[in-house]
1. When every alpha-carbon pair in the chain is counted, what percent end up more than 25 Å apart?
2. GNM, the chain, Cα, under 10 Å: largest mean-square fluctuation among Tyr62, Tyr244, Tyr120?
3. Have a look at Gly267, Ser232, Ile252 and report the one farthest towards the positive end of the charge dipole of region 154-303, computed about the Cα centre with Cβ charges (Lys/Arg +1, Asp/Glu -1).
4. Only Lys, Arg, Asp and Glu count, each charged at its Cβ (+1, +1, -1, -1), so figure out the dipole size of region 158-210 about its Cα centre, rounded to 20 debye.
5. Evaluate the distance, in nm, between pseudo-label points positioned 7 Å from the Cα of Glu160 and of Asp60 along their respective Cα→Cβ axes.
6. With 23 Å as the limit, write out which pairs from Lys207/Lys294; Lys105/Lys250; Lys201/Lys294; Lys114/Lys250; Lys17/Lys294; Lys72/Lys240 have Cα-Cα distances beyond it, or answer none.
7. Roughly how big is the chain's charge dipole about its Cα centre, with Cβ charges of +1 (Lys, Arg) and -1 (Asp, Glu), in debye to the nearest 20?
8. Once the piece of chain linking Val200 and Lys17 is laid out straight, how much longer is it, given 0.36 nm per residue of separation minus the C-alpha distance between them?
Amino acid sequence: MQIILLHAGKNMKTSSKSTVVCMVGSLLLAVFLSVTAIMLSVKLGLASDNVILDAMDEADYYQMVYDDFTGKCEALAIPNGLDLTVFDGVFSVEQIRSDCRRYLKAELNSTVFKINTGVYKQKLSANIYDYVKKNDLTADGDVGEVIRGFTDDIMDCYIEMIRLPHASSMGAVFRMISDYFPLVFTAMTVLSVCTIRILVKQNPRRKGRLSRYLAYSTMSGAVSVLFVPVFSLITGFYRKLQIYPEYMYKFIVNYFEHGINTMLITGVLLFAAAGVMICFSSCMEYQMKQRKRKKQNLRQIPE
């Protein structure tokens with residue numbers, strides 16, 4: 001009797017120890033999965049040149065920049081006795097789109113891009129000379145100097161318009177994420193695999209229990225990833241930001257929504273994986289119960 005009690009006590013201690021190890025391992029696995037999923041979401045949904053360019057296209061960014069730039073050109077032209085006809089054939093939406101994208105890529109990648117302003121100045125100067133002759137206008141001082149000063153002001157305005165504020169800082173953050181992402185991803189993957197192996201060793205013949213621990217870890221990771229996008233979509237705080245001009249506001253909203261959607265998809269996939277594991281665990285438990293019932297029925301059958 002004492003031997004049986006000692007054996008039962010040892011089994012209880014072993015089972016208790018195994019449960020603690022599994023709970024700690026499940027918690028650690030949830031942390032590793034959360035870090036991996038969040039890093040992956042940020043990498044794919046925010047820290048990418050293509051994400052920014054897509055957000056600009058979706059916001060009709062270039063057309064709105066062109067319209068704003070045209071308005072500023074008019075404000076500079078009118079005091080000089082000119083009108084918008086002097087800008088015909090000089091600037092276009094496609095040119096602004098091309099210059100914006102090349103300038104942005106250069107700043108994000110910490111390289112130098114210089115716009116060939118000479119072509120724009122030459123076309124604009126020719127238009128102004130024709131306008132002056134056609135309307136018999138005069139200037140205070142040398143006409144050539146006045147036109148050169150005007151074209152310089154226009155090009156300064158143009159370069160300011162096509163630049164995305166803080167693009168160089170964003171590029172520095174993107175590069176840092178790109179540098180550390182492989183290391184962090186590899187570390188989290190190795191740690192996750194090691195933790196799963198520990199859980200497997202603690203549950204060598206309990207596939208249902210193992211599936212539950214993996215499901216709990218995956219679901220915890222999904223909740224961690226989904227918290228930010230769900231909170232953002234419910235509150236819509238990013239849409240209430242006071243950002244001017246309008247094209248910058250629309251771009252930031254689209255850019256932020258792209259990151260939210262990426263995190264949302266990642267979290268939903270983790271939830272789906274957890275659901276599959278829970279279903280598998282339930283099936284395993286059901287099969288075990290059916291086997292126990294069959295064994296009990298066989299024992300109850302008289303010889």
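1. 67
2. Tyr244
3. The one lying farthest along the dipole's positive direction is Gly267.
4. 800
5. Computed distance between label sites Glu160 and Asp60 equals 2.5 nm.
6. Lys201/Lys294; Lys114/Lys250; Lys17/Lys294; Lys72/Lys240
7. Roughly 4480 debye, rounded to the nearest 20.
8. 64.4 nm
Throughout, read-outs are computed from the coordinates displayed, never taken from laboratory work. In this text the structure is predicted, and so the values were computed from the model without any measurement. Virtual Cβ from ideal backbone geometry, glycine too; neighbours counted across all protein chains shown.
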